[in-house]
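Data block below; observations after.
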Amino acid sequence: MTFVGKLLVIIQLVLSICFMAFAGAVYTHQTSWRVKAETVQKELDKEKEAIKGEKTTLEARITKLTEDVKKAEERAKKAEGDFVTLVAKTDALKEDVERLNRDLNTQKNLAEASQAEANIRRDEARLLTQINDTINKELNAKNAVVRAQEDELFNVKVENKNITEKYEVMLKDLAIFTKVLAANGFSTDAKSYAKVDAPTAQVFGRVVEVESKAKGGRELIQISIGSDDDIREGAVLDVYRIGERAKFLAKIKIELVKPDAAVGSVISGSKNGVIEKGDYVTTKL
């Protein structure tokens, strides 16, 4: 046998061994793959059952979700209708609010106008009250004046009545005195007795004021005694001053007589001094 033949035999032998090993491996692997295939098939069946259960669950969920979608669509439609209704109600409420605001503004304007009118009325009432108070005060004052005048008129009437009664008595007395004077041979003409210069009783008084006239005018003397002290117009009084010794100053003739005062003019002066306020006067020195 040649080397090539030997080599081919060896190669054949090696190939046979390889094929035998390969066949054993295939058989071994075939058995392993069958077990694995059965195992996988079982797992696949389980997965199919699980998928079937999941599918059922998903279909149930899809059904439920479909129903939920329908309900949601129905709720959406209802909500849309409610929204439209709410929009309409909102618009109506807006109109009501606008109307109420207009009414409120109107009422506010009316209230402001009423308040302004009330303030004017109040001011008028205060003014009328003040005017009324003033009128009442003036009326009371005038009523007081009227009452005083009525009292004065009553007093005047009473005084007039008394004077009338006294006048009537004096007329009667005058008639009697006239008869007496005529019966005793005296004159009954009153003018014949008007030149009497001073009353018979002695009266004392004081110089109240001295008024010196312009050059060539009269010097007037006001004294503190009058008709209540029996001083008459035309009476002549003496003016004197009391000091370390009394001294005569002047004579005055009474020209104006009041109940408690009189005014006279100087008819004869003296070199003993000038008449001053506070000097004395008397009817008989």
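The values are calculated or read from the model by the stated rules, or taken from the named source; none is laboratory data. Note that the structure is a prediction, hence the values are computed from the model and not measured. Positions of Cβ are backbone-derived with ideal geometry, glycine not excepted, and every protein chain shown enters the neighbour counts. Remember, those area values only see protein heavy atoms, side chains included, never the ligands or the DNA or RNA. Shrake-Rupley method; radii C 1.70, N 1.55, O 1.52, S 1.80 Å.
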| With every protein chain left in place, what is the accessible area of TYR167 in Å² (1.4 Å probe, nearest 10)? | 130
| Using the scaling law 2.2 N^0.38 Å as the reference, what is the normalised Cα Rg of segment 52-113? | 2.40
| query | Largest first, how would ARG241, ARG99, ARG121 line up by accessible area (1.4 Å probe)? | reply | ARG121, ARG99, ARG241
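With r defined as the distance between the Cβ atoms of LEU174 and GLU233 and R0 fixed at 22 Å, what FRET efficiency is calculated, to the nearest 0.05?
0.60
So, for segment 1-150, what is the accessible surface per residue at a probe of 1.4 Å, expressed in square angstrom? Each step should come with its number before you reach the end.
Values: 13570 Å² over 150 residues.
That works out to 90 Å² for each residue.
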| message | Tell me the accessible surface of ILE131 in square angstrom (1.4 angstrom probe, heavy atoms of protein chains only), to the nearest ten. | response | 80
| request: Would you compute, for the Cα atoms of the chain, the largest minus smallest coordinate along each principal axis and list the three values in descending order, in whole Å? | output: 240, 55, 31
| message | Quick check: net charge around ASN119, other residues with Cβ under 11 Å of its Cβ, Lys/Arg +1 and Asp/Glu -1? | response | -1
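Going by accessible area, probe 1.4 Å, with all protein chains left in place, what is the ranking of ILE225, ILE135, largest first? Walk me through the numbers on the way to the answer.
Working: ILE225 10, ILE135 90 Å².
Correct descending sequence by accessible area is ILE135, ILE225.
Would you mind classifying segment 244-285 by shape? Square roots of the alpha carbon gyration tensor eigenvalues, ordered a ≥ b ≥ c; an a/c under 1.5 is rounded, otherwise it is prolate if a/b is larger than b/c and oblate if not. The partial results should precede the final answer.
Details: a/c = 2.12, a/b = 1.65, b/c = 1.29.
Prolate, because a/c is 1.5 or more and a/b exceeds b/c.
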| note | For PHE83, the accessible surface traced by a 1.4 Å probe with all protein chains present amounts, in square angstrom to the nearest 10, to 130
| note | Comparing ILE17, ILE267, ILE62 in a Gaussian network model of the chain (Cα, 10 Å), the one with the largest mean-square fluctuation is ILE17
